[in-house]
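To start, the structure under review is shown below, and the notes come after it.
Every read-out reported here was derived from the displayed coordinates using simple, explicitly stated rules and does not represent laboratory data. Because the structure is a prediction, the values reported are computed rather than measured. We place every Cβ from the backbone using ideal geometry, glycine too, and count neighbours over all the protein chains shown.
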Amino acid sequence: MLPRPPCAGIHNGRVNSGKVAVVTGASSGIGEACVRVLAAQGYTVHAGARRIDRLESIAAETGAVAHFLDVTDQESVDAFCSSLPRVDVLVNNAGGAKGLAPVTEANLDHWRWMWETNVLGTLRMTKALIPGLIASGDGLIVTITSIAALSPYDNGSGYTSAKHAEAVLHRTLRGELLGKPVRLTEVAPGAVETEFSLVRFDGDADRSDAVYRGMEPLVAQDIADIVGFVASRPPHVNIDQIVVKPRDQAEAGRVNRAT
């Protein structure tokens with residue numbers, strides 16, 4: 001159904017009424033928080049994730065539209081994108097990490113999953129929706145990367161390499177879409193306490209909890225508030241990159257922990 005011409009941003013007193021925001025990886029964490037913030041701003045949010053039961057619960061609370069979406073599957077991406085009436089905002093949030101092993105012990109299945117999810121998943125969604133974002137007259141692509149997209153850390157090469165690639169994909173588009181009515185913002189968070197580490201460590205709650213022990217990490221709402229701020233800027237303002245960390249974190253491997 002894409003693309004369609006733009007419609008007014010304010011209708012019946014609601015800012016962004018009639019506008020559509022797409023959020024991937026929307027069933028928990030940063031994605032879920034972004035759904036709630038953008039819905040509160042008046043967007044019709046089309047939320048995509050594999051855990052459709054959780055997504056439907058979030059949709060019932062927010063008025064969002066829930067879709068099953070697997071960004072690693074082109075057919076799933078095509079079905080999702082073809083169902084959209086239009087698109088004004090795309091939040092590329094789906095991604096994650098698997099394992100924490102040195103290069104010499106790299107698990108190739110983990111690497112494939114991280115590259116498929118973080119890099120090719122972002123590519124599939126962005127490529128499919130660029131025509132609609134241009135047609136909107138004021139499109140916005142927000143890609144949630146990580147401070148892992150800025151510098152490597154020991155035992156994290158699979159994730160840091162995938163996030164570097166995802167970030168370069170996003171940054172390249174900044175030039176390729178120059179002159180088009182599409183803004184691009186990269187948000188690179190440090191430690192955010194979500195299900196991220198639980199996924200990374202295959203459900204090992206003790207190991208996951210240890211990542212944040214003794215410090216005050218960011219929470220999903222912190223990142224969603226930034227996305228909401230970016231989405232609320234006027235069309236001529238492009239915020240290229242926002243790097244955000246907890247006060248207790250200077251770098252990926254440099255964290256202040258209470259003793």
Problem set entry | Dimensions (Å) - the stretch 109-214, Cα atoms, principal axes, largest first | 48, 29, 23
Exercise. Which whole DSSP H helices in the chain pass both tests: a Cα extent of 27 Å or more along the axis and a mean Kyte-Doolittle value no lower than -1.0?
Worked result: 157-176
For this session: Compute the length gained on full extension between Thr104 and Asp209: take 0.36 nm times their separation in residues and subtract their Cα-Cα distance, giving the result in nm to one decimal.
Result: 35.2 nm
For this session: Would you mind putting 65-77, 136-148 in packing order, based on average other-beta-carbon counts within 10 Å, highest first?
Result: 136-148, 65-77
Problem set entry | Modelled label reach - Ala40, point 7 Å along Cα→Cβ, the stretch 237-256 residues with backbone N closer than 19 Å | none
Exercise. Once you wrap a convex hull around the alpha carbon atoms of the stretch 59-131, what is its projected area averaged over all directions, in nm²?
Worked result: 6.2
For this session: Write down the Å³ per residue value for the convex hull defined by the alpha carbon atoms of the stretch 51-94.
Result: 89
Exercise. What is the diffusion coefficient of the chain in µm²/s, taking the Kirkwood radius over Cα pairs and the Stokes-Einstein relation at 37 °C with a viscosity of 0.692 mPa s?
Worked result: 177
Exercise. For the stretch 157-244, what is one quarter of the convex hull surface built on the Cα atoms, given in nm²?
Worked result: 6.8
Exercise. Could you give P(r) for the stretch 116-158, binned at 5 Å from zero, as whole percent values over all Cα-Cα pairs?
Worked result: 5, 17, 22, 19, 14, 11, 7, 4, 1
For this session: Along Cα→Cβ, 7 Å out, is where each label goes; now give me the distance between the ones at Ser82 and Glu216 in nm to one decimal.
Result: 5.0
